[in-house]
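S.K.: Here it is, the structure in full.
The values are calculated or read from the model by the stated rules, or taken from the named source; none is laboratory data. Model, not experiment: these values are computed from the prediction. Here the Cβ positions follow ideal geometry from the backbone for every residue, glycine too, while neighbour counts run over all protein chains shown.
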Amino acid sequence: MIIDIIKFFFIYTLVLFAFGCGMNQLMWYYADLEKMKCYHVSDEVPDFDNQEKACSIWRRFANLFETSQSLFWASFGMIDLLSFDLTGIKSFTRFWALLMFGSYSVINVIVLLNMLIAMMSNSYQIISERSDTEWKFARSHLWMSYFEDGDTVPPPFNMIPTNKTFKKLLKYGRAGRSTKSFIKKSREKAMIRHDTIMRTLIRRYVTAEQRKRDEFGITEDDVREIRQDISTFRYDLIDILRKNGMHAPQLDKEETTSQYIYA
C-alpha cells in the first residue's frame, strides 16, 4: 500500500509540475506588474495600505515554485478566481489561464483522486486475499519459536548455570573433536529442512491441482459437442476419400449430425 501511495504522489507531482510550468509562463509577467505596484514606494517596503490586493496576489504566480504552490493549495480551495485579475492582463490570456486552472482542478479532483481510491482498493483486496496465508505463516513462525533451542528460564535467571548448560558444554566438546564442524552440521541440517519444506510444498501444489481437476466435471453439452465434431470430421474424411477416387459410402451430413446430437 505504501508503494501505491508513492506512485500516486509521483504522478501528482508530475501533473502539478506540468501545469505549474504552463501557468507560470502565462502569468509571470502580470505578477511582476503587481509586484511593481506593491513596491512602488520602495524596493524593500511593500505598500499594504494603498495596494493591499497587489501585495497579496503578486507572489502566487511570481515564479515556478510559487505557481506550483498556488496550484497545490488550490486543491483545498485556498485559491479563488480573483487571483487571475492581475494588472494589465488581457481577456484572451485570462481565458487560457482559467482554462488551464479548470483542467488542473478536473484532473486533480476527478482523475487522480479516483485513481488513488482504485489503487488503495486494489491493494486492500490483495491483502484480504492473502490474509489467511499470512496468518498461517505467522502462526507457524510463532509455534517454531517455541520449539527452537533457547534458554530454559527468562533473564536474568538464565545467567545461572543449569543441567542444560552442562549438557550443551559436553555436546560442544564432542562436536569439536569430531571431523565435521558445527557450521557444516548446521548447513546440512538447513539443507535437509529446506528439502523437506520444498517436498511438502510440491506435494501440496500437486494435491491442489488434482483436487481442481477432480472437481471439474463434464456436462451433457460437452458430450454432444464432441459427438458433433466427430460426425463432422467423419463426413469431411469420406468427402476427401471420394475426391481422391476411392470408394466411400454416401452419407448425409445433416442426418448424421442430428443422429449424433440426439443420440
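S.K.: So the check is Cβ under 9 Å with 6+ separation or different chains; which pairs have a first residue in region 16-32 that's at negative phi and at pLDDT 90 or above and a second one that's of a type in the set (Lys, Arg) and not in a helix (DSSP H, G or I)?
M.R.: Listed by first residue and then by second, the contacts come to nothing, as the list is empty.
S.K.: With the condition kept exactly as written, say whether any residue in region 39-55 is modelled with pLDDT of 80 or more and either under 21 Å from Thr93 (Cα atoms) or outside any helix (DSSP H, G or I) (or both).
M.R.: Within region 39-55, not a single residue is modelled with pLDDT of 80 or more and either under 21 Å from Thr93 (Cα atoms) or outside any helix (DSSP H, G or I) (or both).
S.K.: Would it be correct to say that Leu82 is surrounded by 13 or more Cβ atoms within 10 Å (Cβ to Cβ) and either part of a helix (DSSP H, G or I) or over 31 Å from the mean Cα position of the chain (by Cα) (or both)?
M.R.: No, not satisfied.
S.K.: If you don't mind, there's one more thing I want to ask. Kindly check whether there is at least one residue in region 47-54 that is in contact (Cβ under 8 Å) with a residue 24 or more places away in the chain and touching a helix residue (DSSP H, G or I) at 6+ places or on another chain (Cβ under 7 Å).
M.R.: Within region 47-54, one or more residues are in contact (Cβ under 8 Å) with a residue 24 or more places away in the chain and touching a helix residue (DSSP H, G or I) at 6+ places or on another chain (Cβ under 7 Å).
S.K.: So for region 91-103 (the condition being surrounded by fewer than 16 Cβ atoms within 10 Å (Cβ to Cβ), within 22 Å of Ile11 (Cα to Cα) and more than 31 Å from the chain's Cα centre (by Cα)), does at least one residue qualify?
M.R.: yes
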